[in-house]
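Below is one structure; the comments refer to it alone.
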Amino acid sequence: MIVAVDLNASPVPEDDQDDFGDQVEEYHAPEERVESAVDIARREREERKRKLKRERSDDKPVQVSQSPGHDQLFHTKILKSYDRSKLPPGWLDCPSFGQEIYCMIPSKVPLGESFNDYIIPGKRYSFKQVIHQQRVLGRKLGLVIDLTNTSRYYPVADLKKEGIKHVKIQCKGRNSVPDNLSVNHFVYEVTQFLFRQKHSRKYILVHCTHGHNRTGYMIIHYLMRTMSMSVTQAIKIFSDVRPPGIYKPEYIDALYAFYHEKKPEMIVCPPTPKWKRTPELVDLNGEAMPDDDDDDGVPGSPLHENHETDTIMTNDDVLGDEIPNDQQDAFRQFCFQTLKLGVGARGHMQFPGSHPVSLNRENLQLLRQRYYYATWKADGTRYMMLITMDGCYLIDRSFNFRRVQMRFPCRITNDGMAEKTHHFTLLDGEMIIDTLPDSKKQERRYLIYDLMAVNGVSVIERPFYERWKMLEKEVIEPRNQERFQSRNPYYRYDMEPFRVRRKDFWLLSTVTKLLSEFIPKLSHDADGLIFQGWDDPYIPRTHEGLLKWKYADLNSVDFLFEVVSSTYYISCWIMSLAPITKWSLIVCCWCSQLISSCVDRLITIVSCFFCMNVEKRNSWKGTGLHLKKVRIPCIILERSLSVLGILIDRNGYSSESEQINQLQMTLILIER
């Protein structure tokens, strides 16, 4: 049901007195201000301008003729000096603060004592007044979040003396909404502050310049991420406590776009408040001038837009938004606890996801001894995903977290869980890029193949087949039901950054069909097979029972070293951390020719004759054929690794047994 919202309430400023004693009352819709007060403020402002102009005229030395560029620079410097002490446009008549909203108090920026000469006593609003007024209302401030883009308004030291924490999140106020990292920072600071208030109840003062657009934008983001409501409801809540709420249409549009909701036609942005439409603040058409008081004359950054572009998608694209370091550290700790890992000196930086090992002679027997299922090995990007009520977080192989806006509702239960979303559910999967065959349009899709935690409960010790079924029941089905049964008419799943599905697994008997029929028809690249133990628990990091096999022409190795020139020989310094044994092979990267087999870390070889006589290679141009100038990139292979599958042709064998026989024959030939 769409909630009707009346966002056209007229804002009326509060009247602050120097003697604020016990006259402070709970904020209600204030009465209209007497016009004479505005006239007085305007007259005093004009008098101050004339006074400053006279002072500058008296102090100004006689100037010789100078270039126009110098005059412009001198004029700019004077204006900037004056701007440092002027009042924010519209600040005098802007209401001081609004009602409490979940321990947050929206407010205009308090001004320090340096501004007193520009403000009549009845209009002053400094932190001295703020602290006292809130105490009279029974509220003790514990945190101030400053969203202005300048530090000129008040000294932070005044807050520290009162034991109030100050957090600065710089947000430009002209032609731009706060960036996503700033939003993530704000939500995290508020969440952590309220979480720590177990035995005391302190309040948060949130302010930008006037306490409406940027302040409302941030508070609404907090409401959306911590409570079950629509953007329309959140906007109305803020407009009720801080009339008229957000009055810039681009801010309202950005909120609907960010949370993938369709903006109802009944939502009309309120007009610019009267206190922002004084003669000094409007243009020739009577429209309000832009908020440039925080930007020090620097134009704002463009508004965030979610328009699709024609940019080609790649696996190297960075997805999601950065989050605060403290929040990332907390998420890392949760992952380690869920996976039952100890955190060492460097452990917090190591990706904890399960890694397969290559199929080889030694572990090939596992396919006969244990119950295995197979799936295709997608050529995509490995991500774990942490789902919380305030957002979803992609976890890359560097163990970095980035937030993406996705929705994962819980399954319907007798306890009414349908209204809730997953909180601390941990998944494992891979991000692929589908190319639609008809339109050639690219779409991202996250293929989930494992589940490690459901709503904070670890399930890693359960067998894989149970986790795989739970993944469908707990994560995929509720999401699809809400999407296709219109349980949430506001949310648009088609606006999410990627699609989601569970990855399929099949019996080993279907491998031939998987290779010959299924993989060739995929709309994304695949480079081999994965063999998953059906009864296996989730084993973090290297899992010796999780096997991978790759096509010959798509295989890769983990051992690299570089050839550097030396008088008459080529010395190869091995860059691999793995120990080099008698089973190690040295192969040229360019021609795949076997060069040498040696035990020493510093290996001396003659040359790769094939590559030495190929002058057409770019890396060899201009070097001639002198041996001491040759540089050959090589790889080191271990005979026990499945990289020997390089010698198996991708399309040369139709059955699994023929490929295994050829692998065994290859091993015998190389040993000879």
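The values are calculated or read from the model by the stated rules, or taken from the named source; none is laboratory data. Fair warning: this is a prediction, and the values are worked out from it, not measured in the lab. Using ideal geometry, Cβ is built from the backbone for each residue, glycine included, and neighbour counts are taken over all protein chains shown.
A few notes on this one:
- Residues that are more than 25 Å from the chain's Cα centre (by Cα), part of a loop (DSSP other than H, G, I, E, B) and either free of Cβ contacts under 8 Å to residues at least 40 places away in the same chain or buried (at least 19 other Cβ atoms within 10 Å of the Cβ) (or both) do occur in the range 454-461.
- Scanning the range 505-522 for residues that are small (Gly, Ala, Ser) and farther than 24 Å from LYS469 by Cβ gives a single hit, SER516.
Here's the yes/no breakdown for (1) under 30 Å from PHE408 (Cβ atoms); (2) part of a helix (DSSP H, G or I); (3) free of Cβ contacts under 8 Å to residues at least 24 places away in the same chain:
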site: LEU514; (1), (2), (3): yes, yes, no
site: GLU517; (1), (2), (3): no, yes, yes
site: HIS524; (1), (2), (3): yes, no, no
site: ASP536; (1), (2), (3): yes, no, no
site: GLU544; (1), (2), (3): no, no, no
site: LYS548; (1), (2), (3): yes, no, no
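- Members of the range 113-140 found to be buried (at least 17 other Cβ atoms within 10 Å of the Cβ) and among the basic types (Lys, Arg), listed by number: LYS123, ARG124, ARG139
- Within the range 462-476, considering residues that are in contact (Cβ under 8 Å) with a residue 60 or more places away in the chain and farther than 15 Å from GLY353 by Cβ, the one surrounded by the most Cβ atoms within 10 Å (Cβ to Cβ): VAL475
- The range 206-244 - residue that is free of Cβ contacts under 8 Å to residues at least 24 places away in the same chain and part of a loop (DSSP other than H, G, I, E, B) and, of those, farthest from the chain's Cα centre (by Cα): MET229
- Conditions (1) modelled with pLDDT of 95 or more; (2) acidic (Asp, Glu); (3) more than 22 Å from the chain's Cα centre (by Cα); number of the one not met by GLU162: (1)
- Among the residues of the range 144-191, those that are touching a strand residue (DSSP E or B) at 6+ places or on another chain (Cβ under 9 Å), of a type in the set (S, T, N, Q) and not in a helix (DSSP H, G or I) comprise THR148, SER151, GLN170.
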